[in-house]
Amino acid sequence: MVLQTISSGAMALVQLYGFDTVGGFVLSHVETLKASENALANRCGEVLDAVHAGFGVGGESSLIVIALGRTLLGGGLAPAAGVATLTNPVTLTCAAIGAIHYGWNALSENEKATVLDAVSKAFSVGKELVRSIAGFALRTIKDLLSKENLAELRRALSDGASAFGQRLGDITRTIADRSRDFYASGSLAVVTLTDTIPARLPFLRRSSASVEIEPPQ
């Protein structure tokens, strides 16, 4: 299938990355990833290239992968508040791929349907094509990335989620990741909670002045 015109979703993403055409994105950004000495960036470039080779779709298939990942991250296809430009497009591309690997299968079927509907409309393609691209990307990630690559992908995902006001556990939805997120912010939460506890509870906190506790009558 070859698209005759550039879809609104593709145009939004290529402009977000600083390009004017889909071809320019593929030739520049994807090739830059593939040529990178950073192992994770290189593998993510290979994933996008494999999707592009496998589906074509006028060059938009690799952008569909990024759109899926950005949607899972909460970024959508347009710049989010506070993220007007991509200060590190390589990192956010890796984060988008990480969101697919760690987040796609964490969604319910209804949630997947919502994501597929949004991305398919943005790119003017069928939902089943977008679903197929997601499945192909998942298999390709597993085939191309080593255990070490996946650990780096996870860190990239965590950084990318933070850029959109989310945490790793919001994407993966695993108990382990949500627990880590909780404890990472736990010290602040404990301080805030403790500050709201009345001083007359001596087993939790005493005020600077001595508090006399009357014995029960």
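The values are calculated or read from the model by the stated rules, or taken from the named source; none is laboratory data. Keep in mind the model is a prediction, meaning the values are calculated, not measured. Glycine gets a Cβ as well: all are built from the backbone with ideal geometry, and neighbour counts include every protein chain shown. Remember, those area values only see protein heavy atoms, side chains included, never the ligands or the DNA or RNA. Shrake-Rupley method; radii C 1.70, N 1.55, O 1.52, S 1.80 Å.
Listing for the model above:
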| quantity | calculated |
| --- | --- |
| Descending semi-axes in Å of the stretch 14-141, equivalent ellipsoid built from Cα gyration tensor | 20, 16, 15 |
| By average C-beta atoms within 10 angstrom, highest first, the peptides 98-106, 132-140 | 98-106, 132-140 |
| Contour excess over end-to-end distance, with Cα ends at Leu144 and Arg180 and 0.36 nm allotted per residue | 10.2 nm |
| From phi via Karplus (6.51, -1.76, 1.60), per-residue ³J(HN,Hα) for the stretch 36-48 in Hz, x at Gly/Pro | 5, 7, 6, 4, 5, 4, 4, 5, 5, x, 5, 4, 4 |
| ³J(HN,Hα) computed for each position of the stretch 20-31 - Karplus, 6.51 cos²θ - 1.76 cosθ + 1.60, integer Hz, glycine/proline x | 9, 9, 5, x, x, 4, 4, 6, 9, 5, 5, 5 |
| Solvent exposure ordering (accessible area, 1.4 Å, most first) of Lys142, Lys147, Lys34 | Lys147, Lys142, Lys34 |
| Cross-link pairs Lys121/Lys147; Lys112/Lys142; Lys34/Lys142 - those with Cα-Cα distance over 26 Å | Lys121/Lys147 |
